[in-house]
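Engineer: I'd like to ask some things about the structure below.
The values are calculated or read from the model by the stated rules, or taken from the named source; none is laboratory data. In this text, all values refer to a predicted model and were calculated from it rather than measured experimentally. In this analysis, Cβ positions are derived from the backbone assuming ideal geometry, glycine residues included, and neighbour counts consider all displayed protein chains.
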Amino acid sequence: MDAPAASVLDDRLYQRLVELAAPDGAERGPGRPDLRPAVEQALHHEARLLDERLYRAWLDRFTQDCVYWIPLDPTADPRTRVSYLLDDRRRMEDRIGLLETGWAHAQEPPSRTCRIVSNVEAWPLGDGDTLARCSTVVWEYRKDRLTPFASRNDYVLASLGENWSVRFKIVRLVDSRSDVRKFSFVL
Amino acid sequence: MNALDTLIQSHRVHRSLYTDPDIFVTEMEKIFGGAWVYLAHESQLPEPNDFITARMGLRPLILTRDDDGGLHGLFNRCAHRASTVCQSECGSARRFQCSYHGWTYSNRGELVNVPFAEGYPPDFDLSDHGLAQVPRLGTYRGLIFGTLNPDAPSLAEWLGPAGPLISEFVDRSPSGRIEVRNCQRMVYRGNWKLAWDNAGDGLHPTFAHRSFLLLNERQHGGARSLSQFKASPDDTGMYGADLGNGHMFVDQRPGLQQSFWETQRPVPGREWYADRIVESHGDDAAEVLEMAPGSMINLSIFPNLLIKGNHLETVDPVSAGETRLHTWVAAAEGAPDEVNVLRMRIAEDFPSLGNPDDLEIFERCQEGLAIPEVEWVDMSKGLGHPAEEVAADGVRRAPVTHEGPMRGYLRAWLELMSADANLTTARAGETSFEKAA
């Protein structure tokens with residue numbers, strides 16, 4: 001396997017993430033209806049890749065400078081607070097590599113998931129990127145348990161259409177501040 | 001419930017310690033009341049009138065700082081009809097008012113107002129109806145502990161050889177203080193002692209964390225995080241220790257082949273932040289970077305604090321078969337910001353990649369423990385082994401894969417469970433405070 005790429009996460013990238021995650025003091029207004037079909041195409045495709053555990057194909061949809069973030073407190077600066085995870089591309093590869101070892105006990109047997117993506121809104125960001133927001137419920141079945149993971153997600157999509165790609169993905173779990181079961185599938 | 005001393009034998013422990021609800025109730029009373037229980041860290045309530053909620057076993061607590069800076073462990077229970085009086089996790093407040101009938105308390109626990117006071121008996125005295133309090137509080141290097149046991153030894157005595165090891169953990173910060181930030185909260189379906197067994201267990205990483213070991217070998221190569229457990233961990237110099245009073249220690253530092261920083265798996269931002277530290281600190285950069293990774297020790301303070309990595313993890317039992325773990329991350333006070341940014345990412349690394357496998361295995365253990373006819377859990381590794389050394393201070397050291405630390409905490413467990421302690425609460429002004437270090 002090739003040596004993993006170096007991290008490109010720097011202060012500037014953190015700053016962009018913080019601004020993106022900040023509560024919308026200035027109401028953005030309704031999303032642009034013309035962007036919605038292409039955004040839904042991407043989000044629905046992503047949901048299917050994850051439900052089918054096609055993790056490598058999923059990772060291929062992320063840019064080299066991507067960030068995948070599951071905050072515990074989405075209003076806090078991740079430079080000063082721990083998150084559930086805040087991954088660059090290298091650690092996303094590690095997460096998938098861990099499952100591929102075949103020895104991740106927490107995924108033996110693996111989770112079966114079904115995710116519902118709804119309330120999709122989208123806005124152009126001016127630099128060619130698209131901001132998408134949605135509500136997601138991932139139903140996870142494993143052993144004798146069916147567990148819902150409800151979240152409001154933010155995406156910054158670097159491109160749309162056939163070659164859609166993700167620059168940022170933020171998963172704001174509604175219960176991130178309470179006691180959650182550790183999960184090792186990809187949300 | 002069987003006689004307790006028949007349940008713990010030199011080499012094995014009975015399953016009922018993990019499954020019996022009656023034992024659980026007694027543990028919550030006698031162990032999580034009779035021992036010195038970790039409550040919070042001073043940096044979580046730095047200013048006068050700050051407070052944070054905590055639990056002592058199943059007892060809800062508000063830990064407050066009064067306007068003179070004094071600490072108080074108030075039970076979160078209205079003296080009137082028992083409702084909790086504080087619903088926030090933390091904050092700042094001079095008064096706590098019960099929402100049920102308006103009884104109002106100061107942050108020292110005194111009852112300061114009862115609405116519609118007319119009608120109470122003539123001998124009704126406000127000073128008899130304050131919030132019940134933890135009678136004894138103490139701190140050690142900023143860690144706050146409390147006990148309901150008037151006969152417990154002093155906090156310094158209770159911690160014994162664990163105290164200086166707390167200092168080693170804290171002294172990794174340039175200022176000699178840690179700053180506790182936020183916490184990851186997780187829950188598993190298993191008894192709290194499964195986490196406790198695991199914390200002193202240097203035998204499991206090779207197997208339970210096989211995915212993490214293999215990942216690091218394949219993706220990053222070399223002597224990365226946890227590689228010291230890859231093969232023959234007992235040949236590395238790593239050791240476990242029973243520190244007495246139930247405290248346990250696992251020292252991974254002798255197993256490292258290179259510095260903490262070189263051993264640390266690459267985390268997001270590693271390169272950029274390390275470059276900044278090299279720019280600003282030149283020849284001292286290597287020393288500064290050494291503050292970012294975890295401490296490479298596992299120091300367990302009985303019954304509810306697991307110090308590991310850069311974490312203060314509290315073990316918070318819910319029932320015989322359910323436990324919460326709250327993993328508070330510590331920043332190094334006085335270190336460059338870059339170090340603490342790296343600490344945040346490092347604090348997500350093993351907890352999200354490695355810990356799910358631990359919790360999965362705790363749940364598998366609890367499943368296996370459900371069989372009544374298969375009664376015993378084996379903890380014999382190292383018993384009577386010539387490599388078990390007892391030092392002058394009573395610390396028993398042994399190779400890291402031995403199970404001596406577990407046998408040690410169970411001795412403390414039995415002692416507290418068998419004691420006829422007279423656990424008490426106190427009124428405002430009747431509490432004691434000891435600053436142990």
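Engineer: Are any of the residues in region B:211-219 at pLDDT 90 or above and in contact with a strand residue (DSSP E or B) (Cβ under 7 Å, 6 or more places away or on another chain)?
Structural biologist: Among the residues of region B:211-219, not one is at pLDDT 90 or above and in contact with a strand residue (DSSP E or B) (Cβ under 7 Å, 6 or more places away or on another chain), which makes the answer no.
Engineer: Another question about this same structure. Which one is surrounded by the fewest Cβ atoms within 10 Å (Cβ to Cβ), of the residues in region A:101-116 that are within 14 Å of chain B (Cβ to nearest Cβ) and under 20 Å from the mean Cα position of the chain (by Cα)? Break it down into steps so the answer makes sense when it comes.
Structural biologist: If we filter region A:101-116 for residues that are within 14 Å of chain B (Cβ to nearest Cβ), which is where we start, we get A:101-111.
Right, trim to under 20 Å from the mean Cα position of the chain (by Cα) and you get A:107, A:110-111.
Numbers: A:Gln107: 20, A:Pro110: 13, A:Ser111: 19.
This residue is A:Pro110.
Engineer: Can you report the number of residues in region B:266-297 which are of a type in the set (A, V, I, L, M, F, W, C), within 14 Å of chain A (Cβ to nearest Cβ) and outside any loop (DSSP other than H, G, I, E, B)?
Structural biologist: At the first step, the residues of region B:266-297 found to be of a type in the set (A, V, I, L, M, F, W, C) are B:267, B:272, B:274, B:277-278, B:285-286, B:288-289, B:291-292, B:296-297.
The next check asks that each one be within 14 Å of chain A (Cβ to nearest Cβ); those that pass are B:267, B:272, B:274, B:277, B:292.
Now narrow it down to the ones that are outside any loop (DSSP other than H, G, I, E, B): B:272, B:274, B:277.
Qualifying residue count for the region: 3.
Engineer: Restricting to region B:206-232, count the residues that are in a loop (DSSP other than H, G, I, E, B) and over 16 Å from B:Asn355 (Cβ atoms).
Structural biologist: 8
Engineer: Then there is this: Give me the pairs: first residue in region B:313-330 and closer than 13 Å to B:Ala40 by Cα, second residue of a type in the set (Asp, Glu) and assigned to a strand (DSSP E or B), beta-carbon distance under 8 Å, and six or more apart or on different chains, which are they?
Structural biologist: Every condition considered, the pairs that remain are B:His326/B:Glu313; B:His326/B:Asp316; B:Thr327/B:Glu313; B:Trp328/B:Glu313; B:Ala330/B:Glu179.
Engineer: Say we look at region A:41-86 and pick out the residues that are among the aromatic types (Phe, Trp, Tyr) and within 14 Å of chain B (Cβ to nearest Cβ); which of these is surrounded by the fewest Cβ atoms within 10 Å (Cβ to Cβ)?
Structural biologist: Among residues in region A:41-86 that are among the aromatic types (Phe, Trp, Tyr) and within 14 Å of chain B (Cβ to nearest Cβ), the one surrounded by the fewest Cβ atoms within 10 Å (Cβ to Cβ) is A:Tyr55.
Engineer: A further question follows. Pick out, from region A:1-120, the helices (runs of 4 or more DSSP H) lying fully within it that include 1 or more residues that are out of contact with any strand residue (DSSP E or B) (no Cβ under 8 Å at 6 or more places or on another chain), free of Cβ contacts under 8 Å to residues at least 12 places away in the same chain and of a type in the set (S, T, N, Q). Give the derivation first.
Structural biologist: On the way: elements: A:11-21, A:36-51, A:55-59, A:89-100.
Result: A:11-21.
Engineer: Now, a different point. Being in contact with a His (Cβ under 8 Å, 6 or more places away or on another chain), of a type in the set (A, V, I, L, M, F, W, C) and surrounded by 21 or more Cβ atoms within 10 Å (Cβ to Cβ) narrows it down to one of B:Leu289, B:Leu312, B:Leu325, B:Leu305, so name that one. Before you say what the answer is, go through the steps one by one.
Structural biologist: Working: B:Leu289 fails: in contact with a His (Cβ under 8 Å, 6 or more places away or on another chain); B:Leu325 fails: in contact with a His (Cβ under 8 Å, 6 or more places away or on another chain); B:Leu305 fails: in contact with a His (Cβ under 8 Å, 6 or more places away or on another chain).
Answer to the check: B:Leu312.
Engineer: Let me ask something else. Any residue in region B:349-374 that's closer than 15 Å to B:His14 by Cα and within 12 Å of another protein chain (Cβ to nearest Cβ): show its pairings with residues that are among the hydrophobic types (A, V, I, L, M, F, W, C) and part of a loop (DSSP other than H, G, I, E, B) at Cβ separation under 6 Å, as long as the two are six or more apart or on different chains.
Structural biologist: none
Engineer: Does any residue in region B:224-243 that is touching a residue at least 60 places away in the same chain (Cβ under 8 Å) come within less than 9 Å, Cβ to Cβ, of a residue that is assigned to a strand (DSSP E or B) and of a type in the set (Gly, Ala, Ser) six or more places away or on a different chain, and which pairs are these?
Structural biologist: Within 9 Å, the pairs are B:Tyr239/B:Ala398; B:Gly240/B:Ala398; B:Ala241/B:Ala398; B:Asp242/B:Ala398; B:Leu243/B:Ser300.
Engineer: Going by the structure shown, is B:Glu118 closer than 13 Å to B:Leu61 by Cα and either without any contact (Cβ under 8 Å) to a residue 12 or more places away in the chain or of a type in the set (Asp, Glu) (or both)?
Structural biologist: Considered against the rule, which asks whether it is closer than 13 Å to B:Leu61 by Cα and either without any contact (Cβ under 8 Å) to a residue 12 or more places away in the chain or of a type in the set (Asp, Glu) (or both), B:Glu118 comes out as no.
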